[in-house]
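Novice: The structure under discussion is supplied below as structure tokens; questions concerning it will follow.
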Amino acid sequence: MKIILFLVLGALGFTFQNQKDKELVCLPCGRECDNQVYSKPGNCPSCNMKMVEKSSIHFKNISVNELCNQIKSNPDAILLDVRSAGEFGGSSKEVPTFGHFKNAINVNVTDLENRVKELEKYKAKEVLVYCSHAHRSAVASYFLSTHGFTNVKNMKGGVSTIDQQSNDCLKKSFVVHDH
């Protein structure tokens, strides 16, 4: 009986120590809260993104200007828009659509798990992910990076932050939706 109690308490102590050592962060969306480390699971109090283990983050957040530079320096990069088809094409009546990058592939984040096989040919390529405000794109970037995609970058802020007038690259590569 003492041996069983010893083993159970030892296992509980090991489990507690393992949970204690995990560093949790909110799924990086490009805000200041990305730099906070938490000890308990849940959602970020600032951006409401899901907490994940810090060691499981294998994608990088980049600015709009960095994304433009990536498009210029790597024409083979894959642009992945994870908004709805209506937002992507400019026909949504429910939410602002902003515009989209030319040559972008549109896969709604809610369909990503079912459509990931379509994207597998891009696993070794640079994949630049964006949405409207960088919440859905962060979720998609995390999903892709945990499913074998090795060079995933998430655009901070999303297309809602784009000021096309101040960026020559955007004038050439971004289509604004007229409303």
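The values are calculated or read from the model by the stated rules, or taken from the named source; none is laboratory data. Small disclaimer: the values here were computed from a predicted structure and weren't measured. We place every Cβ from the backbone using ideal geometry, glycine too, and count neighbours over all the protein chains shown.
Novice: Return yes or no: is V95 β-branched (V, I, T) and either more than 28 Å from C44 (Cβ to Cβ) or more than 17 Å from the chain's Cα centre (by Cα) (or both)? Show your work before the answer.
Specialist: On the way: β-branched (V, I, T): yes; either more than 28 Å from C44 (Cβ to Cβ) or more than 17 Å from the chain's Cα centre (by Cα) (or both): yes.
Yes, satisfied.
Novice: Name every residue in the stretch 115-125 that is surrounded by 14 or more Cβ atoms within 10 Å (Cβ to Cβ) and either more than 20 Å from D76 (Cβ to Cβ) or of a type outside the set (K, R) (or both), in order of residue number. Full working, then the answer.
Specialist: To start, the set of residues in the stretch 115-125 that are surrounded by 14 or more Cβ atoms within 10 Å (Cβ to Cβ) comprises 116, 119, 122-123, 125.
Within the stretch 115-125, V116, L119, Y122 meet the criteria.
Novice: Right, something else. Which residues, taken from the stretch 141-161, are assigned to a loop (DSSP other than H, G, I, E, B) and closer than 24 Å to G89 by Cα?
Specialist: Within the stretch 141-161, the subset assigned to a loop (DSSP other than H, G, I, E, B) is 146-150, 156-158.
If the condition is that a residue be assigned to a loop (DSSP other than H, G, I, E, B) and closer than 24 Å to G89 by Cα, then K156, G157, G158 are the ones that fit.
Novice: Could I ask something else about it? Picking from G157, G86, which residue would you name as being out of contact with any strand residue (DSSP E or B) (no Cβ under 7 Å at 6 or more places or on another chain) and surrounded by fewer than 18 Cβ atoms within 10 Å (Cβ to Cβ)? Quick ask: steps written out before the conclusion?
Specialist: Numbers: G157 fails: surrounded by fewer than 18 Cβ atoms within 10 Å (Cβ to Cβ).
Just a single option satisfies the conditions, and that option is G86.
Each row is one residue, and each column tells you yes or no for (1) surrounded by 16 or more Cβ atoms within 10 Å (Cβ to Cβ); (2) of a type in the set (G, A, S); (3) under 12 Å from the mean Cα position of the chain (by Cα); (4) under 24 Å from N43 (Cβ atoms).
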| residue | (1), (2), (3), (4) |
| --- | --- |
| N65 | no, no, no, no |
| Q70 | yes, no, no, no |
| L79 | yes, no, no, no |
| Y142 | yes, no, yes, yes |
| D168 | no, no, no, no |
| K171 | no, no, no, no |
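Novice: Where residues in the stretch 89-105 are over 16 Å from V129 (Cβ atoms) and polar (S, T, N, Q), which of them is surrounded by the fewest Cβ atoms within 10 Å (Cβ to Cβ)?
Specialist: Restricting to residues being over 16 Å from V129 (Cβ atoms) and polar (S, T, N, Q), the top hit is S91.
Novice: I need the full set of residues from the stretch 36-51 which are loosely packed, with under 11 Cβ neighbours inside 10 Å and closer than 19 Å to H133 by Cβ, in order please.
Specialist: P45
Novice: Hey, another quick one. Scan L112, L128 and give me the residue that is closer than 23 Å to K72 by Cα, modelled with pLDDT of 90 or more and outside any loop (DSSP other than H, G, I, E, B).
Specialist: Working: L112 fails: closer than 23 Å to K72 by Cα.
None of the others qualify; the one that does is L128.
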